[in-house]
Amino acid sequence: MTEYLLQIEDLHTCFQTRNGIVHVLRGLSLNVPRGQVVGIVGESGSGKTVTALSIMRLIRPPGRILSGRILFQGTDLLRLSEQQMERVRGRQIAMIFQQPRESLNPVLTVETQIRLVLRQHLGLDGHAALTRARHLLRQVELPDVDRLLRAYPHELSGGMCQRVMIALCLACSPKLLIADEATTALDVTVQLQILRLLRQLREELGLTLVVITHNLGVVAELCQWVAVMYAGELVEFAPAEQFFRAPFHPYAARLLACRPAISLEDDLPVIPGVVPDLLTRPSGCPFHPRCHRARPRCRLEHPSLEERLPGHEVRCFFPEEVPAWTPSLR
Amino acid sequence: MDALLEVSGLSKHYIVSGGLLRRHILRAVDGVSFTVSSGETLGVVGESGSGKSTLGRCLLRLEEPSEGVVKYRGIDITGLPDSSLRPLRRHLQMVFQDPADSLNPRMTVGTAVLEPILLHGLARGVAARRRVIELFELVGLSEEHVARYPHQLSGGQQQRVAIARALASNPQFVVLDEPTSALDVSVQAQLLNLLRALQRRLGLSYLFISHDLSVVSYMARRVVVLYLGRVVEEGPTRALFDDPKHPYTRTLLSAVPANTPWEQRHRIIPRGEPASPLARPAGCPFSPRCPWAVQRCHEEPQALQPVGPDRQVACWRSIEGKIVWTRPEA
Amino acid sequence: MRLADLGYGLRRNPITIVGLVLLAGLMLVALLAPLLAPQDPYATNPARSLRPPGPGHLFGTDTFGHDIFSRVLHGARIDLMVAAGAVGLAMVLGGFLGAVAGYASGWLDDGIMRLMDMLQAFPNFILALGIAAALGPSLPNLIIAIGLTNLPIYARLVRSRLLSLRVSGFALAAASVGNPPWRVLFVHLLPNCLAPVFVQATLQSGWAILQAAGLSFIGLGVRVPTPEWGVMISMGVPQLTSGHWWVSFFPGLAIMVAVIAFNLVGDGLQDVLDPRRR
């Protein structure tokens, strides 16, 4: 029996906008096994960031979590008081964001920022805090630790800021680390270093990672499980290798196929149309207007998540039967 | 194939004050030369700090080059006064990276596309409006979009408007500065197909700037690799990516995330942190991070030398065949 | 699009509706003063001087027998005209200077900004006082004096917005498409700088009325017997000690209502135009 660190059950999150209530997440369910890396893949409007914020209970008005359970080590986070949640946030579950420099306080040195976290969650101060701070910065492979402690965020490169961010997240030895597009704003060489660091930290510290990204390459590098989101729903969930070999959902298959590579003649396969506005979701399966395999049933009924292979679930009436794209071409 | 655009020795430097009485010279672009032929796409690859965006802007004289010559159809446009330059602007257009930012939020998109037509006297009144609708349809939008404001369109649609605007003056040369970096993968595929179709249909020449190697490899027949403002390698796309001759190109290629979880890729880890254009080393700009650098590399600036019939590389060790790619020197 | 924004803004800030109603009321009064006022504001009647509020004279009369109610109504015309004129002048001239300074940079920018510094170096009221004294007391001069003292705010507002917009994508795109610099500035950039300007203008209108009242109070603005609220207050001051409170009270109340109205609308406008909500 797999042990799950995080279990999201039937999560409903909505936002009040001037045009009405937008139901961003409608019954999202996702399980994250302990010590593993789950990648949540989606494009804009898929609801992946809202999912991360819901887990951290950082959804503020005009957003609201309507219903559902988020079980972290058996405790439902949605039932905790704000005070109790504050002890979870940063301590048990930590999050890295997309723009590293903007996530750090520009007027505080690195040392001050680490100390603040250590004091708040671990009650560490003085020399003990400094030792831990040094240890953390070394753990994220930052050079010249003492000089770095005295630096301000604007003096550091994007990659270094992101590593400081990771150090801050690790300060209290959390069990779960959520990375929301953590490498999207970074150069590809820097991204490689951060991905390797995350992989290493997972192995050394037994961290569980939830990696949110639109970049399938990042998923291939880092994740053992892939969850594909579309229009606020989970449409496919599979072990990474299986997913890349033979995705079931037409959207996932097309997503894998439309990545450019050296091919000077043919046009790229495309997904026609645009991601649906969450206010006016299509009826039935949300992907049907753009789906090359859609049939009348797809417009009328909403498919539920079904397990087609062990560990491989898909939400589709007519999933791909053979691998819809061939990895060998790339 | 005749040369549409010839760039020689283009440089752009900024004077940055580093505190009291200290002035640094930031060489964003340093002695860049290349040619773009009629109907061709030249790819420009680089990470942040490579100067690729500055290069694009200098070509169109949106920023004034500090040194060097840019010739369009044999006419030197570098020194031209504003009044002579403006009529030439219709031939050289640009599509920017962030579509939302490149459109005036207070102008309907139709007006934005109409403007160049009126400015260059290409049509007036009803004929001009008809041309706007034609352009919209050319880029895959429809007449109903003409009266919309940018914020009412999706990112992909906004970028299509930007392309329509660039094409409104019937240019022959279009600089595409990371046109799809801000877009989702599926939208990117649509837009790349569109750009290629437009090129075939209208006989356009492109300068395609990107940090994304797979996108560049798909779009461009020839590629120029930039590092800290200098060209380090140039050649046909396929040859360059199959067998890169410059250590930086190799490093860049190796850093691209894998396509699948089971892909084994040999990773080259550059030493140290990404360099800043403010602190450029004396010799080869990549030498502080290059795994194969020796003393001579640190001291002697490298010029582009031919290697093969239509390739150039700025690395003496590579040209002399002294590098064993699988064995970085300690 | 704009109307929908307005509706949403009002729903989120219902108190703005109060401001809008008050403002609309004031403007209506200003427009229709001759019809609404029961008596000629300039008509004196010594026999009925210093009557307390009552039948025939809703707000009472002053020392000269003027009907205060009629004068307050007519005063709305004058004070709103001053506010509109002064703020309008400050906005247009200040905005233009700020735009030129922000776009041109270099010595032109420095020159204009140092000029603004000079204007701002004086306490606002003292400066208005000085200009009004130099020009002589009259309504147009009052407008000019107040307008000039408020100029620097708009210049700075527009200039700072322009500095950040100048490097934005669409400014670059406008240039690349073939717009000469002046078109980039006036057709593309300036319209995008106007939102904070309008908010500031509304908020400042209340302040302009106070300044006008203040200057008139000390005799440098409009002169007696013009029914301007500030002048009316000054006329009523000597009567306060003798218990004839209504002479100063009602014009003072009018000023308060006007300033509140402008402030409420200005605050609401700020929310509506807040780009973060897009």
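A few notes on this one:
- Residue that is farthest from the other protein chains (Cβ to nearest Cβ) [pool: residues in the stretch B:84-104 that are outside any helix (DSSP H, G or I) and in contact with a helix residue (DSSP H, G or I) (Cβ under 6 Å, 6 or more places away or on another chain)]: B:Val95
- The requirement of being without any contact (Cβ under 8 Å) to a residue 40 or more places away in the chain and within 22 Å of A:Gln191 (Cα to Cα) is fulfilled nowhere in the stretch A:86-99; no residue meets it.
- The set of residues in the stretch B:184-211 that are without any contact (Cβ under 8 Å) to a residue 60 or more places away in the chain and in contact with a Ser or Thr (Cβ under 7 Å, 6 or more places away or on another chain) comprises B:Asp184, B:Gln188, B:Leu191, B:Leu192.
- The set of residues in the stretch B:213-223 that are of a type in the set (Val, Ile, Thr) and either in a helix (DSSP H, G or I) or surrounded by fewer than 23 Cβ atoms within 10 Å (Cβ to Cβ) (or both) comprises B:Val215, B:Val216.
- B:Arg86 being basic (Lys, Arg), surrounded by fewer than 17 Cβ atoms within 10 Å (Cβ to Cβ) and closer than 30 Å to C:Ala195 by Cβ: no
- Qualifying residue in the stretch C:227-236 (condition: closer than 15 Å to C:Thr63 by Cα and without any contact (Cβ under 8 Å) to a residue 12 or more places away in the chain): no
- Options B:Ala275, B:Ala314: the member that is within 24 Å of B:Gly43 (Cα to Cα), touching a strand residue (DSSP E or B) at 6+ places or on another chain (Cβ under 6 Å) and of a type in the set (Gly, Ala, Ser): B:Ala314
- Total residues in the stretch C:45-94, condition among the hydroxyl-bearing types (Ser, Thr, Tyr), in contact (Cβ under 8 Å) with a residue 40 or more places away in the chain and surrounded by fewer than 21 Cβ atoms within 10 Å (Cβ to Cβ): 1
- Matching option when the condition is of a type outside the set (Val, Ile, Thr), more than 8 Å from chain C (Cβ to nearest Cβ), at positive phi and surrounded by 16 or more Cβ atoms within 10 Å (Cβ to Cβ), among B:Gly68, B:Gly43, B:Gly110, B:Gly74: B:Gly68
A quick yes/no check of all residues on (1) more than 26 Å from B:Gly140 (Cβ to Cβ); (2) within 10 Å of chain A (Cβ to nearest Cβ):
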site: B:Pro179; (1), (2): no, no
site: B:Gln188; (1), (2): no, yes
site: B:Gly203; (1), (2): no, no
site: B:Gly229; (1), (2): yes, no
site: B:Tyr248; (1), (2): yes, yes
site: B:Leu253; (1), (2): yes, yes
site: B:Thr260; (1), (2): yes, yes
site: B:Ile268; (1), (2): yes, yes
site: B:Glu273; (1), (2): yes, yes
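- Looking across the stretch A:294-323, the residues that are more than 13 Å from A:Leu234 (Cβ to Cβ) and crowded, with 19+ Cβ neighbours inside 10 Å come down to A:Cys298, A:Pro319, A:Glu320.
- Filtering A:Val274, A:Val270, A:Val190 for residues that are in contact with a Cys (Cβ under 7 Å, 6 or more places away or on another chain) and at pLDDT below 90 leaves a single hit, A:Val270.
- Test: residue in the stretch A:130-149 that is part of a helix (DSSP H, G or I), free of Cβ contacts under 8 Å to residues at least 24 places away in the same chain, of a type outside the set (D, E, K, R) and under 24 Å from B:Pro270 (Cβ atoms): yes
- Picking from residues in the stretch C:7-17 that are among the hydrophobic types (A, V, I, L, M, F, W, C) and surrounded by fewer than 15 Cβ atoms within 10 Å (Cβ to Cβ), the one that is modelled with the highest pLDDT is C:Ile17.
- Where helices (runs of 4 or more DSSP H) fall entirely within the stretch C:165-241, those with at least 1 residues that are facing another protein chain (nearest Cβ under 10 Å) and not basic (Lys, Arg) are at C:169-177, C:194-217.
Let's see how each residue does on (1) among the β-branched types (Val, Ile, Thr); (2) closer than 18 Å to C:Phe170 by Cα; (3) without any contact (Cβ under 8 Å) to a residue 12 or more places away in the chain:
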| site | (1), (2), (3) |
| --- | --- |
| B:Asn104 | no, yes, no |
| B:Thr111 | yes, yes, yes |
| B:Ile117 | yes, yes, no |
| B:Ser142 | no, no, yes |
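- Summed over the stretch B:116-160, the residues that are under 19 Å from B:Arg89 (Cβ atoms) and within 12 Å of chain C (Cβ to nearest Cβ) give a count of 7.
- Answer from C:Ala261, C:Ala212, C:Ala175 - the residue that is under 21 Å from C:Ala99 (Cβ atoms), touching a helix residue (DSSP H, G or I) at 6+ places or on another chain (Cβ under 6 Å) and at pLDDT 85 or above: C:Ala175
- The residue that is farthest from A:Asp10 (Cα to Cα), among those in the stretch A:100-127 that are hydroxyl-bearing (Ser, Thr, Tyr) and touching a residue at least 24 places away in the same chain (Cβ under 8 Å), is A:Thr109.
- Within the stretch A:268-293, if we keep just the residues that are assigned to a loop (DSSP other than H, G, I, E, B) and surrounded by fewer than 15 Cβ atoms within 10 Å (Cβ to Cβ), the residue that is farthest from the other protein chains (Cβ to nearest Cβ) turns out to be A:Ser283.
- Single residue of C:Ala121, C:Ala171, C:Ala128, C:Ala134 found to be within 17 Å of the chain's Cα centre (by Cα) and small (Gly, Ala, Ser): C:Ala128
- Hey, B:Val7 of a type in the set (A, V, I, L, M), in contact (Cβ under 8 Å) with a residue 24 or more places away in the chain and surrounded by fewer than 20 Cβ atoms within 10 Å (Cβ to Cβ) or not: no
- Selection status of C:Ile131, crowded, with 16+ Cβ neighbours inside 10 Å and either free of Cβ contacts under 8 Å to residues at least 24 places away in the same chain or in contact with a Pro (Cβ under 9 Å, 6 or more places away or on another chain) (or both): yes
- In the stretch A:188-226, the qualifying residues are those that are of a type in the set (A, V, I, L, M) and assigned to a strand (DSSP E or B), and the one that is nearest to the other protein chains (Cβ to nearest Cβ) is A:Val226.
- Condition check for A:Ile65: under 30 Å from A:Arg199 (Cβ atoms) and of a type in the set (Val, Ile, Thr): no
- Lone qualifier among A:Gly35, A:Gly27, A:Gly45, A:Gly68 - being touching a strand residue (DSSP E or B) at 6+ places or on another chain (Cβ under 8 Å), part of a loop (DSSP other than H, G, I, E, B) and either at positive phi or among the charged types (D, E, K, R) (or both): A:Gly35
- Pick from the stretch A:233-263, criterion at the interface with chain B (Cβ under 7 Å from one of its Cβ atoms) and assigned to a loop (DSSP other than H, G, I, E, B), ranking: farthest from the chain's Cα centre (by Cα): A:Ser263
The values are calculated or read from the model by the stated rules, or taken from the named source; none is laboratory data. Here the structure is a predicted model, which means the values were calculated and not measured. In this analysis, Cβ positions are derived from the backbone assuming ideal geometry, glycine residues included, and neighbour counts consider all displayed protein chains.
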